[in-house]
Structure formats: C-alpha cells, structure tokens
Amino acid sequence: MPEFQTSDGISIYFEETGSGAPIVLVHEFGGDYRSWHLQVAELSQSFRCITYSARGFLPSAVPQDRSQYGQSCSTGDLLALMDHLGLDQAHVAGTSMGSFTSLDFALNHPGRVASVTLVGNSSGPRDGQERIRYRQEWVSHEAKLREERGGDGAVAVLEDDPAYLSFQKNDPGNWAVYAKNLRGQSSEGAVHVLSTVHWNRRSLFEDQARLKAFEKPVLLVTGDEDYYLVGETNAFLQDILPNAVWHQFPGTGHLVNIEQAAEFNRLLAEFAGEPE
C-alpha cells in the first residue's frame, strides 16, 4: 500500500496514475482519495494524477490526539506529499474542504503550484456572530451526528441537503457509491476534523493582501445549486485574484467534479494544459 510518513509520524495513503504534468487532487470532507476516480480514469491518459486521503480519512492514519489535526496539518501534509514524490511543482485541484487546503497551500507556497483549481470553495465565517451560527448549526450538529450515528448520520444529512439533491437525482449510481464510501469513513477522524479544521476555518475575506498578490492561474468551479456562500465566495475570488476564471455549471450542486465529470475533466485538462 503506497504511503508515507509525515514529520509528526502520521501515515498518509496516496495513489498515482499516468504520466505527464503532475496534478494533485485534494478531496472533500465527505470523501477520500476515491472521490477523484472519474478524473483519474480520464486525465491519467495525459497527466500524472495523484490522489491521497487526508489524515483522519481511511486508509490514511486516524490520529487519536486532536492536536494532530488542523488547517496547518492539512496544508503541511500536501507539502509533505509533494516533497515525498519529488515534485518541485504541480497543478493542484481541490473540492470543498480540499479546495480550502489547495488555496491555503498555494498562498503559502506559490512556487510549488503551476495552477490551482478550486471546486465548491467557500470562505469561513466573516464575523463573530456568523462564526457562532456556523459552529452551532453545522459543525457541532454534524459532529454530534457522527458520534451518535456514524456514517449513516452523515449520509442522512446529505440526502436532505439541497446542494446534493441534483447529484442524487441525476446520477443515482455514483451517488450510491459515494454514500457507501461515506458510511465507511472513520467517525473519530471526522469528528476531529470537524472540531479543528472546520471549527477554526478562517475568512478568506480577511486574506485580501495575499490573494491580490497571488499571480498563478486559478480556475474557480461551482454549481448553481450549491450553497449561497459558495457563490458569494467565488464572486469575491474572481474579483480579487489577478488570474482567476470562474466557470459555473447549471443544474449542479456541490460536487461538480462528480456530477459533471466529463465536462469538468475537459475544463481541467484544458486549463492545466495551458502555459502560464
């Protein structure tokens, strides 16, 4: 099983397929390395596709110590993966939680990215009251469900989530696979990620100086049936990033790379294939 050890002793599982320019694919909270299987199947014909499971997501290690989680750990693991594979630079693409990590990585290590693709990215809360609501209504609620019902609770939440309804309706086969994988997640790992990465998610609206200075190409991808904050965040990012383009898919929810795999793959391949 391909894996490497981080500097704090965490085992991270990864896979790589194909050859060519490297693309590192960073998964969302509800997924793992398998979330990108529709991209790997096609893009590996032209690119070296690298997927991995973040710490806390099987088959990577699930640390019991909550101090071994957080955004700095997530961003550091992406850097460690690239170092382990000897990649001086790569295209980096992330979905949802993975897009936040991808952007954080790019802002901290701009020389290591050839381009950045952000799918369904959203900012953290913009003020204290918004942060209280976010923590109470989503983070704490989701953590309680995971503790009480495990993966079944996670699937139940998404089954009623407007941002996931188009996925269930238009692609029931892939939804069934996604739900099965979600049920198999480590509940302990999910709760630790919720209580650190999500609990402390910062506002991108407070990071304007670094965003304005970031000159690498950025592809913003959203669905028009995703959360309101996703649209608001990407409108802001399109305006503030010097070299950003925004593509919104109609009739599509949060997981654009799965719901609209063929068109997304074409878009990403063209974007990553363009010279800077």
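The values are calculated or read from the model by the stated rules, or taken from the named source; none is laboratory data. Because the structure is a prediction, the values reported are computed rather than measured. Don't worry about glycine lacking a Cβ; one is built from the backbone with ideal geometry, like all the others, and counts go over all protein chains shown.
Being over 21 Å from LEU229 (Cα atoms) and within 13 Å of the chain's Cα centre (by Cα) is the filter; apply it to region 90-126 and report the residue that is surrounded by the most Cβ atoms within 10 Å (Cβ to Cβ).
VAL92
In region 73-89, what residues are surrounded by 19 or more Cβ atoms within 10 Å (Cβ to Cβ) and among the polar types (S, T, N, Q)?
Within region 73-89, SER74, THR75 qualify.
Out of everything in region 127-174 that is in contact with a His (Cβ under 7 Å, 6 or more places away or on another chain) and within 21 Å of GLU259 (Cβ to Cβ), what residue ends up being surrounded by the most Cβ atoms within 10 Å (Cβ to Cβ)?
Among those that are in contact with a His (Cβ under 7 Å, 6 or more places away or on another chain) and within 21 Å of GLU259 (Cβ to Cβ), it is TYR164.
When region 15-38 is examined, which residues are found to be surrounded by fewer than 23 Cβ atoms within 10 Å (Cβ to Cβ), more than 20 Å from GLY151 (Cβ to Cβ) and not small (Gly, Ala, Ser)?
GLU15, GLU16, THR17, PRO22, LEU38
Cβ-Cβ distance below 9 Å, separation of 6 or more or different chains: which pairs start in region 189-208 with a residue that is closer than 13 Å to SER123 by Cβ and end on one that is assigned to a loop (DSSP other than H, G, I, E, B) and among the aromatic types (Phe, Trp, Tyr)?
Listed pairs, sorted by first residue: HIS198/PHE29.
Where residues in region 185-229 are of a type outside the set (D, E, K, R) and in a loop (DSSP other than H, G, I, E, B), which of them is surrounded by the most Cβ atoms within 10 Å (Cβ to Cβ)?
Our first condition is that a residue be of a type outside the set (D, E, K, R); within region 185-229, this holds for 185-187, 189-200, 203-205, 208-209, 211, 213-214, 217-223, 227-229.
Add one more test, that the residue is in a loop (DSSP other than H, G, I, E, B), and what stays is 185-186, 199-200, 203, 214, 217, 227.
Values: GLN185: 24, SER186: 20, TRP199: 17, ASN200: 14, SER203: 14, PHE214: 20, PRO217: 20, TYR227: 18.
Taking the candidates together, the pick is GLN185.
Among (1) part of a helix (DSSP H, G or I); (2) in contact with a helix residue (DSSP H, G or I) (Cβ under 6 Å, 6 or more places away or on another chain), there is one condition GLY173 misses while meeting the rest; what is its number?
Among (1) part of a helix (DSSP H, G or I); (2) in contact with a helix residue (DSSP H, G or I) (Cβ under 6 Å, 6 or more places away or on another chain), the lone unmet condition for GLY173 is (2).
When you go through (1) more than 23 Å from ARG146 (Cα to Cα); (2) charged (D, E, K, R); (3) in contact (Cβ under 8 Å) with a residue 24 or more places away in the chain one by one for ASP83, which number turns out not to apply?
(3)
Out of (1) closer than 23 Å to GLY9 by Cβ; (2) in contact with a Ser or Thr (Cβ under 8 Å, 6 or more places away or on another chain), the odd one out for SER102 is which?
That leaves (1) as the condition not met.
List the pairs whose first member sits in region 50-66 and is touching a residue at least 40 places away in the same chain (Cβ under 8 Å), whose second member is of a type in the set (A, V, I, L, M, F, W, C) and assigned to a loop (DSSP other than H, G, I, E, B), and whose Cβ atoms are under 7 Å apart, counting only residues at least 6 apart or on separate chains?
Going by the 7 Å Cβ cut-off, the qualifying pairs are ILE50/LEU85; ARG55/ILE10; ARG55/ALA61; GLY56/VAL62; PRO59/MET1; SER60/ALA54; ALA61/ILE10; PRO63/ILE10.
Condition test on SER102, is it polar (S, T, N, Q), without any contact (Cβ under 8 Å) to a residue 12 or more places away in the chain and assigned to a helix (DSSP H, G or I)?
no
Residue by residue through region 249-266, note down the ones that are of a type in the set (S, T, N, Q), touching a helix residue (DSSP H, G or I) at 6+ places or on another chain (Cβ under 8 Å) and either over 13 Å from ALA163 (Cα atoms) or not in a loop (DSSP other than H, G, I, E, B) (or both).
ASN257, ASN265
Collect the residues in region 235-248 that are outside any loop (DSSP other than H, G, I, E, B) and either free of Cβ contacts under 8 Å to residues at least 24 places away in the same chain or over 23 Å from ASP171 (Cβ atoms) (or both), keeping them in residue-number order.
ALA235, PHE236, LEU237, GLN238, ASP239, ILE240, ALA244, VAL245, TRP246
Out of the residues in region 59-73 that are farther than 11 Å from THR6 by Cβ, modelled with pLDDT of 95 or more and assigned to a helix (DSSP H, G or I), state the one that is farthest from the chain's Cα centre (by Cα).
Looking at residues that are farther than 11 Å from THR6 by Cβ, modelled with pLDDT of 95 or more and assigned to a helix (DSSP H, G or I), I get SER67.
What do you reckon, is VAL177 under 19 Å from HIS27 (Cα atoms) and either in contact (Cβ under 8 Å) with a residue 40 or more places away in the chain or buried (at least 18 other Cβ atoms within 10 Å of the Cβ) (or both)?
No: the conditions fail for VAL177.
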